[in-house]
Amino acid sequence: MQEEIKEQPLETTKPIMVRPAKSRVNVLLIVVALALLASNIATLALFFYKKSEPEAIRPSAQIQDANQAETRDDGIDELDVASTTPKTDTNTASLENEKVDLLKKLSPSEIKVEWSEAIIWDKRDFFELSLDSDQKDYSSWQLDIYDNTVVKNVGKIKGGDYADYDLYVVEIKVQEIGVISYIFHAIKKDNLIIFFNNDGIDENGKNNIENGTWGPFLKRVILFNGIKIENYEPAEEIKISGHDYSLVKNGNNPDLLIEEYKNLKKYFEHKEYGDIYKDFDSGCFVLGNKDGTTREYGLKLDFIGAKGEESNYAGAIPNLLNIDWNNGSKNKNEYISKIVDCRGARGCYKYIDYIQNKNELKEVGKTADGSVIFALKDNNFKLPGHDNSMLQEMYDAYYPGFDKSGEMIKKEEFKSFVDSYPLIFYKDTFGDYIEFRNAKYLPSVECGKPVIYLYPETEIDAQVYVAPTGGFTVTEPAYNGGWKVKAKPSGELYNYADKKTYPYLFWEGHGANYSRPDKGFVVARENVRDFLQAKLIKLGLIEAEYNEFIDFWLPRMQEKPFYFVTFMDQADFEKIAPLKVVPTPDQVIRIFMDYEGLDQPVSVVEPKILTPERIGFTVVEWGGALHR
């Protein structure tokens with residue numbers, strides 16, 4: 001940090017001497033010479049300063065003053081997109097007029113780009129007039145969005161209406177309870193920024209700009225659907241050289257740049273697309289596109305058949321699998337093969353690491369091409385740290401639902417459940433195992449950010465209201481102004497709106513003005529499980545609750561050798577997401593965790609934890625800040 005330089009008072013304690021005329025001439029010549037020398041030194045210093053200026057924040061070398069811009073026949077001004085002399089008029093009406101005028105001049109075009117190595121661009125240049133000098137107009141949450149935005153110069157447009165404009169990739173990270181990223185392509189013209197709305201964001205993202213959530217960007221941003229990049233998208237299907245398999249593009253593009261993946265492993269090199277990685281967090285193969293954005297692909301598996309009906313499991317869509325069981329029957333079950341959480345089915349496949357040896361599995365069927373389908377050899381197989389077997393936990397968690405009269409369907413016997421192949425596995429061409437779960441036995445929802453349990457002393461009707469300060473992004477079941485449920489002492493919830501049964505209520509949303517607590521704990525990676533269990537028990541969770549908490553968060557806390565872990569005070573949690581339950585519970589336990597990976601341990605002040613007493617009608621909520 002530079003020290004503050006204070007202006008020194010003029011020194012006047014020495015007498016002023018009057019010299020003869022000749023002396024004054026000599027002195028004048030000396031002064032002029034010294035001034036020239038000082039000027040040369042200053043010029044030389046400025047030259048070396050400019051030479052040493054980081055490339056990452058230099059504007060383009062082709063700077064052209066806006067007032068000297070040439071006008072082309074098509075009416076679009078030839079302006080350098082990295083100009084550092086944009087107009088300074090911040091009048092809102094004037095800006096809106098500029099937007100309207102520019103939109104009239106913009107023409108739909110398919111542009112060709114000469115790609116270059118991405119340069120991190122100084123967003124103070126790119127967005128310098130997107131923020132008024134008085135930042136009080138914006139909330140700290142909106143300013144955080146600006147602070148976490150990344151701008152990269154990735155190439156230059158060749159030919160056409162936008163020739164010689166620089167192309168940028170803009171990643172806007174919206175700070176929530178967790179982080180959501182949006183990626184745009186953009187060019188800069190005058191003091192306006194044109195985002196390619198057709199390839200950078202979906203309709204929800206567009207609405208976020210228009211409703212002012214991204215305040216610091218709103219004033220000078222134009223969304224234009226007419227610009228597309230020529231030969232930009234990789235193929236929908238990529239053949240794997242040396243294998244009888246291919247990769248198929250997985251729906252929407254991920255909102256991640258290649259360097260942001262945390263769990264990539266190189267699998268092979270493709271002659272056209274370069275290095276191909278696997279991301280075990282999403283179960284997808286990942287390739288980096290020409291501009292540093294990413295595309296995700298899943299293995300094409302021919303035995304995955306037609307899609308079934310939407311399941312109760314967070315809206316996931318299962319598939320009928322074409323399998324011949326060893327007992328001679330043909331499979332009629334629908335299975336979920338993707339990772340499923342509160343957002344629904346995501347990623348490509350659920351790859352697992354808990355099977356260490358093929359001897360832990362048995363063959364139970366085959367696909368049409370002769371590939372083997374496996375199941376657990378031991379029905380008592382347990383995951384590390386779990387008291388019950390995987391199959392028992394799966395059996396306990398599912399709810400068979402209600403019949404047409406509103407009565408709950410009786411759950412089948414455990415043996416019948418096991419005989420229905422609830423959990424099967426497929427070994428892919430690279431030797432990795434994919435898990436498939438029978439959709440019939442999936443719980444209604446599985447999530448970790450936050451979930452609400454109700455434990456009344458007797459069966460009651462209850463209404464639950466929660467109001468995150470920044471609004472919801474996801475709820476399960478649908479919120480619709482509040483949840484109205486029938487709650488049982490076991491924690492089972494019957495939701496009147498959709499007539500489905502849930503183990504808990506889930507919501508996800510924006511926690512405006514959220515800040516991580518300073519007090520916390522530092523724990524080594526290998527001790528995280530034991531640490532979480534001990535602290536969660538002290539915070540008031542019972543076994544089923546802390547096991548679900550750990551199952552969700554532990555895999556996300558394995559990258560760094562140490563972790564700073566903190567728990568928000570319940571009163572602070574209440575400020576960012578007020579909770580109301582009717583009738584009023586006797587006890588409310590709300591737990592919200594945040595964490596940060598560390599390369600080395602640090603010294604922190606540990607908070608005191610008081611264990612709440614679970615008495616009477618108890619409501620429990622746990623969640624955390626999801627770091628991607």
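The values are calculated or read from the model by the stated rules, or taken from the named source; none is laboratory data. Values in this document were obtained by computation on a predicted structure and should not be read as measured data. Positions of Cβ are backbone-derived with ideal geometry, glycine not excepted, and every protein chain shown enters the neighbour counts. Surface accessibility is based on the protein's heavy atoms, side chains included, excluding ligands, DNA and RNA. Shrake-Rupley method; radii C 1.70, N 1.55, O 1.52, S 1.80 Å.
Between 564, 573, 521, 531, which is in contact with a Gly (Cβ under 6 Å, 6 or more places away or on another chain) and open to solvent by less than 70 Å² (accessible area, probe 1.4 Å)?
Working: 573 fails: in contact with a Gly (Cβ under 6 Å, 6 or more places away or on another chain); 521 fails: in contact with a Gly (Cβ under 6 Å, 6 or more places away or on another chain); 531 fails: in contact with a Gly (Cβ under 6 Å, 6 or more places away or on another chain).
None of the others qualify; the one that does is 564.
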Checklist entry - Restricting to the range 293-308, what's the tally of residues that are under 26 Å from residue 151 (Cα atoms) and open to solvent by 20 Å² or more (accessible area, probe 1.4 Å)? => result 1
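Restricting to the range 107-117, count the residues that are open to solvent by 50 Å² or more (accessible area, probe 1.4 Å) and part of a strand (DSSP E or B). Before you say what the answer is, go through the steps one by one.
At the first step, the residues of the range 107-117 found to be open to solvent by 50 Å² or more (accessible area, probe 1.4 Å) are 108, 110, 112, 114-117.
Next cut, part of a strand (DSSP E or B) only: 110, 112, 114-117.
Qualifying residue count, the range 107-117: 6.
Would you call residue 252 modelled with pLDDT of 90 or more, surrounded by fewer than 17 Cβ atoms within 10 Å (Cβ to Cβ) and in a loop (DSSP other than H, G, I, E, B)?
Details: modelled with pLDDT of 90 or more: no; surrounded by fewer than 17 Cβ atoms within 10 Å (Cβ to Cβ): yes; in a loop (DSSP other than H, G, I, E, B): yes.
So residue 252 does not fit the description; no.
Rundown of residues vs (1) more than 23 Å from the chain's Cα centre (by Cα); (2) exposed (fewer than 14 other Cβ atoms within 10 Å of the Cβ); (3) part of a loop (DSSP other than H, G, I, E, B), yes/no style:
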{"position": "545", "(1), (2), (3)": "yes, no, no"}
{"position": "550", "(1), (2), (3)": "no, no, no"}
{"position": "580", "(1), (2), (3)": "yes, yes, no"}
{"position": "609", "(1), (2), (3)": "yes, yes, yes"}
{"position": "615", "(1), (2), (3)": "yes, yes, yes"}
Checklist outcome for this item: Only one of 594, 586 is touching a residue at least 60 places away in the same chain (Cβ under 8 Å), of a type in the set (D, E, K, R) and surrounded by 14 or more Cβ atoms within 10 Å (Cβ to Cβ), namely 594
Next on the checklist: Just to be sure I understand the filter: pairs with C-beta atoms under 7 Å, separated by 6 or more residues or on different chains, first member in the range 273-289 and more than 17 Å from residue 248 (Cβ to Cβ), second member modelled with pLDDT of 90 or more and among the basic types (Lys, Arg). Which pairs pass?
Outcome noted: 275/266
Checklist entry - If residue 416 passes every condition in (1) modelled with pLDDT of 85 or more; (2) among the polar types (S, T, N, Q); (3) open to solvent by less than 40 Å² (accessible area, probe 1.4 Å) but one, which one does it miss? => result (3)
Checklist entry - Taking residue 378 and the conditions (1) open to solvent by 90 Å² or more (accessible area, probe 1.4 Å); (2) over 21 Å from residue 305 (Cβ atoms), which numbered condition does it fall short on, given that it satisfies the others? => result (1)
Next on the checklist: So for the range 188-197 (the condition being closer than 21 Å to residue 468 by Cβ, modelled with pLDDT under 80 and not small (Gly, Ala, Ser)), does at least one residue qualify?
Outcome noted: no
Checklist entry - Out of the residues in the range 511-533 that are out of contact with any Phe, Trp or Tyr (no Cβ under 8 Å at 6 or more places or on another chain) and among the small types (Gly, Ala, Ser), which is modelled with the highest pLDDT? => result 515
Item to check | Enumeration of residues in the range 368-398 that are hydroxyl-bearing (Ser, Thr, Tyr) and free of Cβ contacts under 8 Å to residues at least 24 places away in the same chain | outcome: 389
Item to check | Output for the range 461-500, where each listed residue is touching a residue at least 40 places away in the same chain (Cβ under 8 Å) and open to solvent by 20 Å² or more (accessible area, probe 1.4 Å) | outcome: 463, 465, 467, 469, 470, 473, 474, 476, 492, 494, 499, 500
Checklist entry - Hey, does the range 218-234 have a residue that's among the acidic types (Asp, Glu) and modelled with pLDDT of 80 or more? => result yes
